[in-house]
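Step one of this worksheet: look at the structure below.
The values are calculated or read from the model by the stated rules, or taken from the named source; none is laboratory data. Just so we're clear, the structure is a prediction, and the values are computed from it rather than from any experiment. Note: ideal-geometry Cβ built from the backbone for every residue, glycine included; neighbour counts use all protein chains shown. Ligands, DNA and RNA are stripped out before the accessible areas are found, and what is left, the full protein with its side chains, is counted by its heavy atoms. Shrake-Rupley method; radii C 1.70, N 1.55, O 1.52, S 1.80 Å.
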Amino acid sequence: MARGVSTSLDTSGFVEVRGPVTARIARAVSDLPAAEWDALTDGANPFMRHAFLSALERSSSVGGRSGWTPLPVLFDGPDGRLAAALPAYLKQHSQGEYVFDHAWADAWQRAGGAYYPKLQIAAPFTPATGPRLLTRDAAYAPALLAGAEKLCALHELSSAHATFVEPEQIPLFEAGGWLIRSDIQFHWHNRGYACFDDFLQALSSRKRKAIRKERAAAQEGVDIRAFTGAEIQPEHWEAFWQFYQDTGSRKWGRPYLTRAAFDMLGEAMGEDIVLMLAFVGDTPIAGALNFLGGEALYGRYWGCTFDKPFLHFELCYYQAIELAIERGLARVEAGAQGPHKLARGYEPVQTFSAHYIADPGFRAAIADFLERERAGVAQDQLYLGERTPFRRA
């Protein structure tokens, strides 16, 4: 494949991985049987489900000119059914990943190489930790990694990147010789709280009073309602689309998801979605979109058309905590970045990504950078961990 061409990979056949072992390369997750794909996961992570990934494809949020070309790498078992898969994409840029490698791309291109296209193994636009090696049998994991590497070699891709990998799978990437990178997110942990006030009692007096003041100010004159499943009506999605566009245009230049994506996600995964909307009278002024997992609530998008102090914290953080307690969920993952979450009871947690760099010299330079970066991330986590709002013993 000529470098710089986004959609010209031939996915009509098989790629020999090692000896008689071959990987099948599909054109889209939506072309695959949903039951077979979902059987490769335990269903706890909503962003690896067939419904989520195929909705992004069918809504044109990925594919076309998005710079995300679906390229799932598959292995079939002896029974002819899917036995393992990589949720992979051919990428022409580094947008929508939340693990930043722009400096790597600049360095490689200054040296005369072409960093793009690259292979991305991820849930698009979703900085939520989950499985990236989807298998019925863990014995397929090395073949999945070898398949990604062979794909890079065959089509002259500079690298392959698996982002927001669940910690349990990191040793599999390490065994394959992939480089490991870490970063920090802020998650709220449910320590058996019966209600929000129970959580507040675990905080220092000063922080407890500050949160109560923020919530009172945010809720004044506002009616906050939660919608899920069939309760989410077309007018609710239309209102949220306006909020999402406003946030997306300010943060990313253009929103990642299309309008159709929200309708499709609501139709396919409505029972796993909680849409929080804030109303003044009958008019929605802000919203936050959450996905329900087996053990976690995942906060994904937020936006508003009315600037009200602390409303962002109320909709995205405090309402999420209340919902997690109500449903008995172990944690809330509120997305990437955001040290301001620390004062609201969200604690620093390391996240991980894994990287295959094809060129040996470039790989050595990246490995050296990552070693120094990891030390800094570990120090940051210790520093932030000492500044949580919880009462000291």
Descending semi-axes in whole angstrom, ellipsoid equivalent of the chain, from the Cα gyration tensor: 37, 24, 20
Nonlocal amide H pairs with TRP68, under 5 Å, H built at 1.01 Å: GLY63
Separation of alpha-carbon centers, the stretch 179-247 and the stretch 333-380, rounded to whole Å: 25 Å
Lysine pair count for the chain [Cα-Cα under 22 Å; pairs on different chains or 8 or more apart]: 13
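I'd like to compare 165-174, 339-348: which one has the highest average count of other Cβ atoms within 10 Å, and what's the full order after that?
With the highest mean Cβ count within 10 Å placed first, the list reads 339-348, 165-174.
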Gain on full stretching of the segment that runs from LEU154 to ASP368 - 0.36 nm per residue minus C-alpha separation: 74.3 nm
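Quick one: putting +1 on the C-beta of Lys and Arg, -1 on the C-beta of Asp and Glu, what dipole do you get for the chain around its Cα centre, in Debye to the nearest 20?
So the magnitude is around 1080 debye.
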Charged-residue dipole, Cβ positions (Lys, Arg, Asp, Glu), the stretch 120-198 about Cα centre, Debye nearest 20: 180 debye
Net charge, PRO131 excluded, C-beta distance under 15 Å - Lys, Arg +1, Asp, Glu -1: -4
Amide H within-cut-off set for TYR115, under 5 Å, with H built and near neighbours excluded: GLN109
Amide H within-cut-off set for ILE285, under 5 Å, with H built and near neighbours excluded: ALA278, PHE279, VAL280
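Would you mind telling me the share, in percent, of accessible area of the stretch 264-393 contributed by carbon and sulfur at probe 1.4 angstrom? If you can, show how the numbers build up before the last one.
Details: 2960 of 5730 Å².
Its accessible area is 52 percent carbon and sulfur atoms.
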Point-to-point label distance, ALA44-ARG191, nm (Cα→Cβ direction, 7 Å offset): 2.2 nm
Rounded FRET efficiency, nearest 0.05, which uses the C-beta distance separating ASP246 from GLN219 and R0 of 30 Å: 0.90
Rounded accessible area per residue of the stretch 286-362, 1.4 Å, Å²: 34 Å²
Rounded to 5, percent antiparallel among DSSP beta bridges of the chain: 90 percent
Value of D in µm² per second that Stokes-Einstein yields for the stretch 60-170, Kirkwood Rh from Cα pairs, at 37 °C (0.692 mPa s): 223 µm²/s
Helical mean residue ellipticity (222 nm; -39500 (n - 2.57) per DSSP H run of 4+; nearest 500) of the chain: -10000 deg cm²/dmol
Mean accessible surface per residue for the stretch 87-198, computed with a 1.4 Å probe while every protein chain stays in place, in Å²: 34 Å²
